[in-house]
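The block underneath contains the structure these notes are about, expressed in structure tokens.
The values are calculated or read from the model by the stated rules, or taken from the named source; none is laboratory data. Quantities reported herein were computed from a predicted structural model and do not represent experimental measurements. In case anyone asks, the SASA skips ligands and DNA or RNA and just uses the protein heavy atoms, side chains included. Shrake-Rupley method; radii C 1.70, N 1.55, O 1.52, S 1.80 Å.
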Amino acid sequence: MASLTEAIAELETTREGGGMNIVFGAAGELRPWRQEPLVAEVHDRLFGLMTAA
């Protein structure tokens with residue numbers, strides 16, 4: 001989870017297209033655990049990336 005969080009932090013500054021695909025794919029794999037606080041935070045940060053794009 002730490003690696004995914006670091007990747008999101010990098011994307012928040014670079015907005016690199018290829019990285020977005022990888023991170024969103026990884027986040028999709030976490031969907032069954034969406035109610036867990038850490039996973040919910042990841043999804044919220046990704047939503048922020050989508051709305052800022």
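Quick one: Debye curve from the C-alpha atoms of the chain, no solvent, what's log10 I(q)/I(0) at q = 0.21, 0.23 Å⁻¹? Taken in order of the listed q values, log10 I(q)/I(0) reads -0.69, -0.83. Tell me the angle of helix 37-52 to the major Cα principal axis of the chain, expressed in degrees between 0 and 90 and rounded to the nearest ten. So the inclination is approximately 30 degrees. Note on the chain: with neighbouring protein chains present and a 1.4 Å probe, carbon and sulfur make up 57 percent of its accessible heavy-atom surface.
How far is helix 2-14 tilted off the main Cα axis of the chain, in degrees rounded to 10, range 0 to 90? Result, in degrees: 30.
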